[in-house]
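In what follows, a structure is listed as structure tokens, so that the remarks can point back to it.
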Amino acid sequence: MNKSEKIAYEQLKTKGYLVERPRVSKWQPQDFFYCWDFIAINKREIRFIQVSSKYFSQRARDDQERMHAFPHLHCSSKEYWRWDKKKEIFIVQKIGKEVETV
């Protein structure tokens, strides 16, 4: 886990989420479903989260398409968390929705 992923993980845990991340091995993908760094769950929602220092638009086209195509349930969200080093905050883009900061 890199620095920004550790910060995101701790923020989610502090907010009361159960947070799962993939077990890293050389035989398995680094992300859940080749898309998500974390799956965060609380009593009301499931959040699929990708953490990066790049803008979403800078990701490979295949990555973007895979995240957009991932199923979206009514109680879930697909989120792209970009770490802003200068402000030391995450800019959260809900895939298919508007951008917010955390």
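The values are calculated or read from the model by the stated rules, or taken from the named source; none is laboratory data. All values reported here derive from a predicted model rather than from experimental measurement. Glycine gets a Cβ as well: all are built from the backbone with ideal geometry, and neighbour counts include every protein chain shown.
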_Return the residues of segment 88-102 that are modelled with pLDDT under 90 and under 16 Å from W36 (Cα atoms); say none if nothing qualifies._
G96
*Taking segment 38-90 as the region of interest, how many residues are closer than 14 Å to S4 by Cβ, surrounded by 13 or more Cβ atoms within 10 Å (Cβ to Cβ) and of a type in the set (K, R)?*
1
*Does segment 3-17 contain any residue that is among the polar types (S, T, N, Q), surrounded by 12 or more Cβ atoms within 10 Å (Cβ to Cβ), at pLDDT 95 or above and assigned to a loop (DSSP other than H, G, I, E, B)?*
no
*Hey, can you tell me all the residues within segment 39-72 that are in contact with a Ser or Thr (Cβ under 9 Å, 6 or more places away or on another chain) and without any contact (Cβ under 8 Å) to a residue 24 or more places away in the chain?*
Q58, R59, Q64
